[in-house]
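The structure appears below as structure tokens.
Please treat every number below as a calculation from the coordinates, not as lab data. Remember, predicted model here, so these are calculated numbers, not experimental data. Reconstructed Cβ throughout: ideal geometry from the backbone, glycine too, with neighbour counts over all protein chains shown.
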Amino acid sequence: MTVKQHLGRTAYHVGLTADDIVARRYAGGGQAVLAKRWRGSRGGIDLIAQNGDDVIFIEVKKSRSHARAAAHLTHRQMDRIYGAGAEFLATQPRGQLTDVRIDLALVDDMGRVDVIENAFMTA
């Protein structure tokens, strides 16, 4: 295994662990976790949760600090989440009429989580 492959595998497992930490937080708050690492033809969404009839798309970012994690979010990733989210909503009973929010969950090296609800909300 090359160094690059080893680093990639490590990053993948760190990401899975961060996703699990965030999923437990949502589940502990009474929201059902519908999917982890959901994939569609337009991309993937780290976590999808449900709060009543509302669907929550959650982008998880892991870094040394919450500020560094937040800095890793790009416009391209936001576009991916919008596209994949629309695709996921097509599977829901209310389709595109489903109430949705997109959260950004930041995980630091200590495993602390900071959730920014409606992180992609535009004025």
- Note on the structure: A chain fully extended from Thr91 to Tyr12 at 0.36 nm per residue, minus the present Cα-Cα distance, gains in nm 25.7 nm
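Just to be sure I understand: of the beta bridges DSSP finds with both ends in the stretch 3-116, what percent are antiparallel, rounded to 5? Don't skip to the end; give the middle numbers.
Numbers: 16 of 24 bridges.
Once the DSSP bridges in the stretch 3-116 are tallied, antiparallel ones form about 65 percent.
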- Message: With a cap of 13 neighbouring Cβ atoms within 10 Å, and only residues DSSP puts in a loop, list the trypsin sites (Lys or Arg not before Pro) found in the stretch 72-113.
- Response: Arg94, Arg112
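How large is the Kirkwood hydrodynamic radius of the chain, in angstrom, based on all distinct alpha carbon pairs?
Numbers: mean 1/r = 0.0669 Å⁻¹.
Every distinct Cα pair counted, the radius reaches 14.9 Å.
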- Stretched out fully, how many nm does the piece from Ala67 to Asp20 gain, at 0.36 nm a residue minus the Cα gap? 14.9 nm
- Message: Using only the alpha-carbon atoms, how far is helix 75-89 inclined from the longest principal axis of the chain? Give it as 0 to 90 degrees, nearest 10.
- Response: 40 degrees
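So what is the calculated 222 nm ellipticity per residue for the chain, using -39500 (n - 2.57) for each DSSP H run with n of 4 or more, over all residues, to the nearest 500 deg cm²/dmol? If you can, show how the numbers build up before the last one.
On the way: 3 runs with 47 residues, N = 123.
Mean residue ellipticity at 222 nm (helix-derived): -12500 deg cm²/dmol.
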- Message: Can you give the FRET efficiency to the nearest 0.05 for Ile116 and Met1, using r as the Cβ-Cβ distance and R₀ = 41 Å?
- Response: 0.70
- Task: Kindly express, to the nearest 10 degrees and within the range 0 to 90, the angle between helix 3-28's C-alpha long axis and the longest C-alpha principal axis of the chain.
- Result: 40 degrees
- For Asp54 and Asp109, what is the calculated FRET efficiency with R₀ set at 30 Å and r taken between the beta-carbons, to the nearest 0.05? 0.45
